[in-house]
Amino acid sequence: MRLALFDDYRLGVVSEDETTIVDLTSGISGHNTDPLTAGWWRELCRDWRVLAPRFVELVDSATSIDLADVTLRAPALGPSKIIAAASNYAAHVEEMHGVQERTLGAVEEWMMNFDVFLKAPSSISDPGQPIMLPPSVVEAGNEIHHESELVVVIGRGGFGIEREKALEHVMGYTAGLDITVRSPADRSRRKSYDTFSPLGPWIRTTEDGFDGSGLDIVLTVDGEVRQQVNTRDLIVDVAGIVSYASSIMTLMPGDIIFTGAPPGVGPIASGEVLDSSISGIGHLVVPVA
Ligand code: MN
């Protein structure tokens with residue numbers, strides 16, 4: 001199922017051919033259009049496994065509207081955190097030696113190892129909403145890079161989740177851009193500017209057996225392919241990331257996990273249009289301002 005937030009945080013399901021959406025908001029108990037009261041969304045994520053069969057029935061009986069007539073929102077509402085995996089494709093780890101030589105004048109070996117870090121949830125932005133390059137960063141001459149990643153949305157949370165059970169905690173997958181300043185500053189600051197975490201266009205949910213393995217990720221900038229990878233090449237797979245992250249911090253329903261940058265990271269500039277697509281999920285199209 002392609003579960004979407006749209007307009008004033010209404011809930012919808014997008015058709016398989018990605019042309020229409022059905023509005024299921026009236027079926028949600030406690031729905032509120034105020035993004036600061038996002039409890040209904042976190043409940044939905046937590047209970048998704050139980051609710052999904054009812055949604056299938058609701059979709060069949062609801063009226064479709066043209067997808068072009070709505071404004072899609074990032075499929076995340078008040079997540080307690082954004083977790084992100086670092087150094088999770090071998091070819092990206094390899095290219096980072098050159099990127100760090102150019103942008104830092106040295107290679108930071110600790111950044112070459114798989115680990116997880118945090119981004120501010122306020123960095124999330126909607127499909128189509130421009131990435132705003134911070135003037136101070138641009139003036140300082142620091143590069144700002146695209147990282148086009150498979151993103152996990154947590155359903156039922158937990159601490160100390162076993163690898164074997166980790167995928168039961170995944171509500172679905174979406175596309176995300178982990179926009180990153182290359183500078184000597186702390187990772188959490190370099191990646192947490194407002195609009196530095198575009199997400200969307202919706203969540204491909206997992207109740208039908210869809211999982212994050214074997215998916216093609218392609219990022220184009222103004223139509224030119226810059227990043228291309230298959231998620232089978234992840235060093236630590238989705239189950240491993242969820243299990244590892246939950247060994248450090250309790251995962252909460254609706255939490256967002258970026259799974260790591262494919263090779264081909266590079267600078268973005270004002271006026272460019274980024275198109276991040278993941279097979280089986282969809283296209284996230286975002287301009288740069
Ligand atoms: Mn990243």
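A few notes on this one:
- Förster radius 35 Å - calculated FRET efficiency between Met132 and Thr25, Cβ distance, rounded to 0.05: 0.75
- Per-residue ³J(HN,Hα) for segment 25-33, Karplus 6.51 cos²θ - 1.76 cosθ + 1.60, θ = phi - 60°, Hz, x for Gly and Pro: 4, 5, x, 9, 6, x, 4, 9, 7
- Neighbour-count ranking [beta-carbon atoms within 10 angstrom, fewest first] of His146, His283: His283, His146
- Tensor-based shape of segment 154-224 (alpha-carbon gyration tensor, a/c under 1.5 rounded, otherwise prolate or oblate): oblate
- In this Cβ point-charge picture (+1 for Lys and Arg, -1 for Asp and Glu), the chain has a dipole of about 780 debye about its Cα centre.
- Cubic angstrom per residue, convex hull over Cα atoms of the chain: 120
- GNM result for the chain, Cα springs below 10 Å: residue of Val107, Val229, Val238 fluctuating most strongly: Val107
- Measuring between their Cα centroids, segment 39-85 and segment 195-214 lie 11 Å from each other.
- Averaging the sequence gap over all C-alpha pairs within less than 8 Å and six or more residues apart, then dividing by the number of residues, gives the chain a relative contact order of 25 percent.
- Cα→Cβ-extended label distance, 7 Å offset, between Leu118 and Val273, nm: 3.7
- Neighbour net charge for Asp7 - beta-carbon separation under 15 angstrom, K R +1, D E -1: -4
- Helical contribution to [θ] at 222 nm, DSSP H n ≥ 4, -39,500 (n - 2.57), averaged over the chain, rounded to 500: -5500 deg cm²/dmol
- Gyration tensor (alpha-carbon) shape descriptor, segment 92-160, a/c threshold 1.5: oblate
- Rounded to the nearest 20 debye, the dipole size of segment 1-94 about its Cα centre is 520 debye, using +1 on the Cβ of Lys and Arg and -1 on the Cβ of Asp and Glu.
- Ranked list, fewest to most other Cβ atoms within 10 Å of each Cβ, for Thr206, Thr33: Thr33, Thr206
- Choice from Ile248, Ile144, Ile278 with maximal GNM fluctuation in the chain (Cα, 10 Å cutoff): Ile248
- Label positions at His283 and Glu18, each projected 7 Å from the Cα along the C-beta direction, are separated by 0.6 nm.
- Restricting the calculation to Cα atoms, segment 211-260 shows an Rg/Rh of 1.08 when the hydrodynamic-style radius is the Kirkwood one.
- Chain lengthening between Lys165 and Leu36 when straightened (0.36 nm per residue, less Cα-Cα): 43.3 nm
- Computed across segment 238-289, the Kirkwood hydrodynamic radius from all distinct Cα-Cα pairs reaches 14.0 Å.
- Karplus (6.51, -1.76, 1.60) ³J(HN,Hα), θ = phi - 60°, over segment 225-231, in Hz, Gly and Pro reported as x: 5, 10, 10, 8, 7, 10, 5
- Eigen-decomposition of the gyration tensor built on the alpha-carbon atoms of segment 79-124 gives equivalent ellipsoid semi-axes of 24, 12, 9 angstrom, largest listed first.
- Cα-centred dipole magnitude for segment 197-254, charges only on beta-carbon of K, R (+1) and D, E (-1), debye, nearest 20: 160
- Candidate lysines - alpha carbon under 26 Å from Lys165, same-chain residues fewer than 8 apart omitted: Lys81, Lys119
- Footprinting exposure proxy for Arg102, Arg163, Arg182 (fewest neighbouring C-beta atoms within 10 Å first): Arg102, Arg163, Arg182
- Difference of contour (0.36 nm per residue) and Cα-Cα distance, Asp233 to Ala106: 43.0 nm
- The chain: most fluctuating residue of Leu11, Leu51, Leu219 per GNM, C-alpha cutoff 10 Å: Leu51
- Between Arg54 and Asp69, the contour length at 0.36 nm per residue exceeds the Cα-Cα span by 2.8 nm.
- Taking one quarter of the surface of the convex hull spanned by the alpha-carbon atoms of segment 130-289 gives a direction-averaged projected area of 9.1 nm².
- Think of segment 105-208 as having a plus end and a minus end, set by charges on the Cβ of Lys, Arg, Asp and Glu; of Gly176, Val138, Trp202, Val138 sits farthest toward the positive end of this dipole.
No lab work stands behind these numbers, since they all come straight from the coordinates. Model, not experiment: these values are computed from the prediction. Positions of Cβ are generated from backbone atoms using ideal geometry, with glycine treated the same way; all protein chains shown enter the neighbour counts.
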